[in-house]
Amino acid sequence: MIQTRSVEQRLLPRNKTDMDVTMVYKDLPVNNCRTQNIGFGGSFVSTPDAALPINAPVKLILRNKAGNPVLTVSGDVVFSSDKGVGVEFRDLQTEAYGPLLNLVYSWPQGSSSAPNPVKAIKTFGR
């Protein structure tokens, strides 16, 4: 069954991405999760082992191919289906914007083509 909190409305870009994710719900890890896409406002995460309710608070820990965490964000489930959940990020910390920029625009970590995260934060805050 598909559940949604609101009609999908994205003001910012999303990037198709396939990353290992540990999703934490009620202090318990939800394993075998993968990102399908990510943007500045949220991510769609496949959750083959669990269906989560709308408005459920979760924490996402995105990992690189080596298994190291590259981004940890908190959010709320805004869409839920048998294929996964849409998570809307909340309370993004300043240090999350650099890794998030790299993921959304597919820039390698430390790339010289990546913009200055501080400038990007000021731009998105307008």
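The values are calculated or read from the model by the stated rules, or taken from the named source; none is laboratory data. Treat the numbers as computed from the prediction; the structure is a model and nothing was measured. As a convention, Cβ positions derive from the backbone with ideal geometry for all residues, glycine included, and neighbour counts pool all protein chains shown.
A few notes on this one:
- Meets criteria (in a loop (DSSP other than H, G, I, E, B), modelled with pLDDT under 50, of a type in the set (Gly, Ala, Ser) and on the phi < 0 side of the Ramachandran plot) for residue 66: no
- Within the option set 75, 86, being in a strand (DSSP E or B), in contact with a Lys or Arg (Cβ under 6 Å, 6 or more places away or on another chain) and modelled with pLDDT of 85 or more holds for one residue only, 75.
- Applying a threshold of 7 Å to beta carbon distances and a minimum spacing of six or more residues, or different chains, the list of pairs starting in the range 28-54 at a residue that is among the basic types (Lys, Arg) and ending at one that is surrounded by fewer than 19 Cβ atoms within 10 Å (Cβ to Cβ) reads 34/18; 34/20; 34/46.
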